[in-house]
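All remarks here apply to the structure that follows.
The values are calculated or read from the model by the stated rules, or taken from the named source; none is laboratory data. These numbers come from a predicted model, not from an experiment. Neighbour counts run over all protein chains shown; Cβ positions are idealised from the backbone, glycine included.
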Amino acid sequence: QVHLVESGGGLVQPGGSLRLSCAASGILFSISYMGWYRQAPGKQRELVARSISGGSTTYADSVKGRFTISRDNAKNTVLLQLNSLKVEDTAVYYCNVGQSGVDYWGQGTQVTVSS
């Protein structure tokens, strides 16, 4: 069982930055990937960024060049740096971890981009 706790969301003006953090605890082995999804009101949850164990990363086209995912394996933490934020980035952001074929989710953190 993996438990995920996110932090770092908030209200920011367009063009601003935020950093999201997700701390994983529990039985941590055979982690396949750690990443972030988001869900805006009235829309489906979508993949934002994912870090594959072994080193590769993948990003949604809409965030490439603006968001950066990183992992601290010693602390079992995954970070998402959000730069040049746009109004359309407003959503609840969820941490996601894949372990032995099972997906685990955090409770979500709200990111609101508004002037």
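Here are a few things to note about the model shown:
- Sole residue being under 16 Å from the mean Cα position of the chain (by Cα) and under 17 Å from Val5 (Cα atoms), chosen from Arg45, Arg38: Arg38
- Residue check, Lys75 without any contact (Cβ under 8 Å) to a residue 60 or more places away in the chain and touching a strand residue (DSSP E or B) at 6+ places or on another chain (Cβ under 8 Å): yes
- Residue satisfying condition, being closer than 17 Å to Pro14 by Cα and either basic (Lys, Arg) or at pLDDT below 95 (or both), within set Arg38, Arg71, Arg50, Arg66: Arg66
- Meets criteria (on the phi < 0 side of the Ramachandran plot, of a type in the set (Gly, Ala, Ser) and modelled with pLDDT of 95 or more) for Ser17: yes
- The criterion of at least 3 residues that are surrounded by 19 or more Cβ atoms within 10 Å (Cβ to Cβ) is met, among strands (runs of 3 or more DSSP E) falling completely within the stretch 5-115, by 18-26, 31-39, 46-52, 67-72, 77-82, 91-99, 109-113.
- Residue pairs whose Cβ atoms lie under 6 Å apart, sitting 6 or more positions apart in sequence or on different chains, and linking a residue in the stretch 97-110 that is under 13 Å from Leu20 (Cα atoms) to a partner that is not in a strand (DSSP E or B), are Thr109/Gly9; Gln110/Gly9.
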